[in-house]
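Undergrad: This is the structure, below, for whatever I ask next.
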Amino acid sequence: MHCGSSNTDDSSSIHLQKRQRTDDKIRSATLDLEVLDCPICTEPLIAPIFQCDNGHTVCSICCPKLRNKCPFCALPIGDKRCRAMEKVLNRFLSHALC
């Protein structure tokens, strides 16, 4: 299957197989909490979180201060959200509050 393939039957079965494998296991991970901080202001990241094409992330407050230029690689930053990091942050916060 290629990246651009739209065969929903294959992707559904893959999703179900992954779900079945992980439902029987306890999932845990160790996370360095500094990963959840903006590397510029060192404050905890909050959504929206932005990233450059190289994957460097910054918080929405720092983006305008940086003139939408990544301080690590100088690529544009501020027009692409890092939804994966937002999802990790939301999961972490939901479990931390329980």
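Values quoted throughout were computed directly from the atomic coordinates according to the rules given, and no laboratory measurement underlies them. Every value quoted in this text rests on a predicted model; they were computed, and no experiment measured them. So basically every Cβ, Gly included, is an ideal-geometry build from the backbone, and we count neighbours across all protein chains shown.
Undergrad: Run the numbers for ALA74 and SER60: contour at 0.36 nm per residue of separation, minus the present Cα-Cα distance, in nm.
TA: So the chain would gain 3.4 nm between ALA74 and SER60.
Undergrad: What are the ³J(HN,Hα) values, in whole Hz, obtained from phi via the Karplus relation 6.51 cos²θ - 1.76 cosθ + 1.60 with θ = phi - 60°, for each residue of the stretch 42-58 in sequence order, with x given for Gly and Pro?
TA: Computed from phi, the couplings for the stretch 42-58 are 6, 7, x, 5, 9, 5, x, 10, 10, 9, 8, 5, 8, x, 6, 10, 8 Hz.
Undergrad: Can you list residues from other chains, or at least 5 along the same chain, whose modelled amide H is less than 5 Å from the amide H of ASP37?
TA: LEU45
Undergrad: Can you list residues whose amide H is under 5 Å from ILE49's amide H, if they're 5+ apart or on another chain and H is modeled 1.01 Å from N?
TA: CYS82
Undergrad: Using modelled backbone amide H atoms (1.01 Å from N, in-plane), which distant-in-sequence or interchain residues come within less than 5 Å of LYS69's amide H?
TA: Result for LYS69 returns ILE77.
Undergrad: Compute the distance in nm between two label points, each set 7 Å from the Cα along the Cα-to-Cβ direction, one at ALA84 and one at ARG67.
TA: 3.0 nm
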